[in-house]
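*Asks:* Pasting in a structure now, in C-alpha cells, and then I'll have a few things to ask.
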Amino acid sequence: MELFSRSWAALRAAVAETADEDFALPSGCAGWLVRDLVCHLVIDAQDVLITLVTPAATEPTVDAVTYWNLVEPPTGDDPLDALIPRLAAAYGEPGLLKFHLDDVGSAAGRAAGLADPAARVGTRDQVLTVGDYLSAYVLEWALHHLDLVAYRPSAAQPAAETLAAARDSLEKIAGTSFPASFSDEDVLLVGTGRRAASEEEKAALGGLAARLPFVVG
C-alpha cells in the first residue's frame, strides 16, 4: 500500500510539472496525447475512490496478480477509448485538467492511506482485499508514468522501486521471466508493446518474442 501511495504521488507530481504546451505532445499510449492520458488518470482516480467505498462480504476471487487479464491490443474501437480524447479536449485549458487530477487524485490517495488493507472490496465483478487492489495499481501507475514522459526525456521518471515492482507484476501476470539483461523499464516498454524490441533484444528474448506484446486490462 505504501508503494501505491508513493507511485501515485510521483505520477501526480509529474503531471503537475508538465508544461501546458506539452499537453499537446504524444504520450506513450498509441493514439493518445498527453492531455488524453491525464484525462484517463482522472477516471482511474475515480475508479479507486469508487472501489474503496464498495465493500464486499464474500471471499476474494482475485489477488494483485490475477486482478489483471491479458487482453488483445486496443484497436481504438472501444467506446471508452474513443471517449477519452473528446473528454480531454472539452477541458480546453491544461490547467483545468491538472486541477481536476490533483483534486480527485489527492482524494484517492488519502482514501487509500485510510483504508484497511485486509478489508474486501468489489470491482469489475470480482472481490479482492484492499491491499491487493492497491498493489495491482502500481503496475498501472508505472506504465502510465512512462507513457507521460515518453517524449519528454528530461521529465521526472518513475522511481526504481516502482519499475521493479511493476516488472515483477507483469512477469507474474504473463507467467514468464524476461532476460536479466533487460532493465525494468525495457521490460515494461517492450513487454507491453510500447516500443519494438531491437534485434539484439529479440535475440535475447528467443521464443518469448513471438508472444509479445502482453497487454493487461
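*Asks:* So what's the gap between the Cα centers of the stretch 74-142 and the stretch 3-25, to the nearest angstrom?
*Replies:* If we compute the Cα centre of each part, the gap is 14 Å.
*Asks:* Can you list residues from other chains, or at least 5 along the same chain, whose modelled amide H is less than 5 Å from the amide H of V127?
*Replies:* Residues meeting the criterion, in which the H sits 1.01 Å from N, are T61, V62.
*Asks:* Continuing with this model, one more query. Could you go through the stretch 2-13 in sequence order and give the Karplus-derived ³J(HN,Hα) for each residue, using 6.51 cos²θ - 1.76 cosθ + 1.60 with θ = phi - 60°, rounded to whole Hz, and x for Gly and Pro?
*Replies:* 5, 5, 4, 4, 5, 5, 5, 5, 5, 5, 5, 5
*Asks:* Right, here's the next one. Counting helices only, and only those DSSP H runs with n ≥ 4, report the 222 nm mean residue ellipticity of the chain as the sum of -39,500 (n - 2.57) divided by its residues, in deg cm²/dmol to the nearest 500.
*Replies:* Values: 8 runs with 117 residues, N = 217.
Using -39500 (n - 2.57) per qualifying helix, the result is -17500 deg cm²/dmol.
*Asks:* Taking H as built 1.01 Å from N, whose amide H comes closer than 5 Å to the amide H of V215, not counting residues under 5 places away?
*Replies:* Under 5 Å from the amide H of V215 lie the amide H atoms of V71, each far enough along the sequence or on another chain.
*Asks:* Ignoring ligands, DNA and RNA, what accessible area per residue does the stretch 61-118 give at 1.4 Å, in Å²?
*Replies:* Details: 3520 Å² over 58 residues.
With the other protein chains kept in place, the stretch 61-118 gives 61 Å² per residue.
*Asks:* Here is a follow-up. 5 Å is the cut-off here: which amide hydrogens, built 1.01 Å from N in the peptide plane, fall below it relative to S27, excluding neighbours closer than 5 in sequence?
*Replies:* W32, L33, V34
*Asks:* Then there's this: Below 8 Å between Cα atoms, with a sequence gap of 6+, how large is the relative contact order for the stretch 151-217 in percent?
*Replies:* Numbers: 35 pairs, mean separation 18.7, N = 67.
Relative contact order for the stretch 151-217 comes out at 28 percent.
*Asks:* Continuing with the same structure: About its Cα centre, what dipole magnitude does the chain give when the only charges are +1 on Lys and Arg Cβ and -1 on Asp and Glu Cβ, stated in debye to the nearest 20? Write down the numbers at each step before the final one.
*Replies:* On the way: 15 positive and 31 negative charges, 19 e Å.
Result for the chain is approximately 100 debye, rounded to the nearest 20.
*Asks:* Under 10 Å from the Cβ of P179, count the other residues' Cβ atoms, weight Lys and Arg +1, Asp and Glu -1, and hand me the total. Intermediate results must be reported in sequence, preceding the final value.
*Replies:* Numbers: positive: none; negative: D186, E201.
With Lys, Arg at +1 and Asp, Glu at -1, the net is -2.
*Asks:* Find, among the chymotrypsin sites (Phe, Trp or Tyr not before Pro) in the stretch 96-159, those assigned to loop by DSSP (not H, G, I, E, B) with at most 15 other beta-carbon atoms within 10 angstrom. Numbers along the way, then the final one.
*Replies:* Details: sites: F99, Y133, Y137, W141, Y151; in loops: Y151.
Listed in order of number, the matching sites are Y151.
*Asks:* Roughly to the nearest percent, how much of the accessible area of the stretch 37-196 is carbon and sulfur, given a 1.4 Å probe? Working shown, then result.
*Replies:* Values: 4260 of 7600 Å².
Reported share for carbon and sulfur atoms: 56 percent.
*Asks:* Sorted by accessible area with a 1.4 angstrom probe, largest first, how do T51, T129 fall? Present the calculation step by step, with values, prior to reporting the outcome.
*Replies:* Details: T51 5, T129 30 Å².
My answer, sorted largest first, is T129, T51.
*Asks:* For the stretch 68-73, take each phi angle, set θ = phi - 60°, evaluate the Karplus expression 6.51 cos²θ - 1.76 cosθ + 1.60, and give the result in whole Hz per residue in order, putting x for glycine and proline.
*Replies:* 8, 10, 7, 10, 6, x
*Asks:* Report ³J(HN,Hα) in whole Hz for each residue of the stretch 191-199, in order, from the Karplus equation J = 6.51 cos²θ - 1.76 cosθ + 1.60 where θ = phi - 60°; Gly and Pro get x.
*Replies:* x, 9, x, 6, 8, 6, 6, 6, 4
*Asks:* Follow-up question, since we're still on this one. For the stretch 1-155, go through all pairs of different Cα atoms, get the mean of 1/r, take its inverse, and jot down that Kirkwood value in Å. Kindly include the intermediate steps, with their values, before the conclusion.
*Replies:* Values: mean 1/r = 0.0619 Å⁻¹.
By the Kirkwood definition, the hydrodynamic radius is 16.1 Å.
The values are calculated or read from the model by the stated rules, or taken from the named source; none is laboratory data. If you're wondering where the values come from, they're calculated on a predicted model, not measured in any experiment. Glycine gets a Cβ as well: all are built from the backbone with ideal geometry, and neighbour counts include every protein chain shown. Ligands, DNA and RNA are stripped out before the accessible areas are found, and what is left, the full protein with its side chains, is counted by its heavy atoms. Shrake-Rupley method; radii C 1.70, N 1.55, O 1.52, S 1.80 Å.
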